[in-house]
Amino acid sequence: GHVTGAAQTNRALSRLYGKQQKLEEALTYAENALAYYKKIGDRFNYEHVRNIQAVMYLQMQKYEDVIRIGESSIIFTEQAKFDNLTATTAANLAEAYFETGQLEKARFTASKVLALNQPHAKPYALYTLGQVAQSSKNFRQAESIFRECQKTAENNGDRFMEAYAWRAIGNLQLKQGSEDKGHPALQRALNMFESMQIRGEVKQTKQLLKM
C-alpha cells in the first residue's frame, strides 16, 4: 500500500544520500523510513534500516549511537534467527566497541560475526580483530588478520573494505620500520580510495605516505 511504498522510497533515498556521503540527509530519510515501517509493524525492514543508520553513525564517528542501536537490534535479530542481519549488526557493534576502548567486547562480538559464517560481514569483523591485535602490540598476528581481511574483501568484490585492509597492512609495516613493504600497500589503498572518491580517506592515506 501507500505506506509501504513511502517506506521503500525513503529507504532508497537514505541509501543514495549515504553513498554520496551526504550523511545528515541520509539519516533524515532513514528516520522517515523507520516511522513508516513502525506504522505497518514490519520489524524485519525496521531493523534493516536501523542497520543502515548504524553504518552512517560509524562514518560520523558517533560510536555511542552505533552501540545504542546495535545492542537493542541484536537481541531481536538473534532471537528471530536472522543470521545475515545479526552478522552485520555485530560487525558494526564490534567496531564501535573497539573505537570506545572496549577491547574485550570488540573481540567477543567480532568473533560472533565469524561464527555466523556470513561472507559479506566477515572482512569487517576481521578488520576489528586486526585492530584489537595491533592495539595489544601483537603485530605479527595483526598483519596476518589484516591480510585475511584483504583477501576476503577482494573475494567479496568489496573495494571499500579492501582499501581499508591495504592501508592497515601498510601502516602496520611502517610502524615496524619497513617502509619498502609499507609504501606499496598504502599506494594500493590510496588508488582505491581515489577511484571511490572518498576524500577523507584519500587525505589520511596521503598523510601516511607523506604526500
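The values are calculated or read from the model by the stated rules, or taken from the named source; none is laboratory data. Here the structure is a predicted model, which is why all the values come from computation and not from measurement. Quick reminder, even Gly has a Cβ in these numbers, built from the backbone with ideal geometry, and neighbours come from all protein chains shown. Quick note on the areas: whole protein, heavy atoms, side chains included, nothing else; ligands and nucleic acids left out. Shrake-Rupley method; radii C 1.70, N 1.55, O 1.52, S 1.80 Å.
Some points to look at:
- Karplus 3J(HN,Hα) series, Hz, for the range 104-119 with 6.51 cos²θ - 1.76 cosθ + 1.60 (x for Gly, Pro): 5, 5, 4, 5, 4, 6, 5, 5, 4, 4, 4, 5, 6, 6, 9, x
- Taking a ≥ b ≥ c as the square roots of the eigenvalues of the alpha-carbon gyration tensor, the range 1-119 is classed oblate because a/c is 1.5 or more while a/b is no larger than b/c.
- One compactness figure for the range 18-85 is 1.10, namely its Cα radius of gyration divided by 2.2 N^0.38 Å.
- Rolling a 1.4 Å probe over the protein heavy atoms gives the range 28-174 an accessible area of 47 Å² per residue.
- Calculated FRET efficiency for the pair Phe44/Leu209, C-beta based, R₀ 30 Å, to 0.05: 0.10
- Taking each residue as 0.36 nm, the span from Gln187 to Arg159 lengthens on full extension beyond its C-alpha to C-alpha distance by 8.7 nm.
- The range 14-68-the range 85-119 distance, computed between alpha-carbon centres (Å): 19
- Only Lys, Arg, Asp and Glu carry charge here, each on its Cβ (+1 for the first two, -1 for the last two); on that basis the range 69-164 has a dipole of about 240 debye about its Cα centre.
- With each label modelled as a point 7 angstrom along the Cα→C-beta vector, the Arg68-His2 pair spans 3.2 nm.
- Of all stretches in the chain that contain no trypsin sites (Lys or Arg not before Pro) in a DSSP loop with at most 14 other Cβ atoms within 10 Å, the longest one is 138-209.
- Whole-number D in µm² s⁻¹ for the chain, Kirkwood Cα-pair radius fed into Stokes-Einstein, 10 °C, 1.306 mPa s: 89
- Largest first and in whole Å, the equivalent-ellipsoid semi-axes of the range 95-159 read 19, 14, 9, each the square root of five times a Cα gyration tensor eigenvalue.
- Only lysines eight or more places from Lys105 in sequence, or on another chain, were considered; those with a Cα closer than 20 Å are Lys62, Lys122, Lys137.
- Global form of the range 118-200, assessed from the alpha-carbon gyration tensor, a/c cut-off 1.5: oblate
- Between the Cα long axis of helix 122-135 and the first principal axis of the chain there is an angle of about 50°, rounded to the nearest 10.
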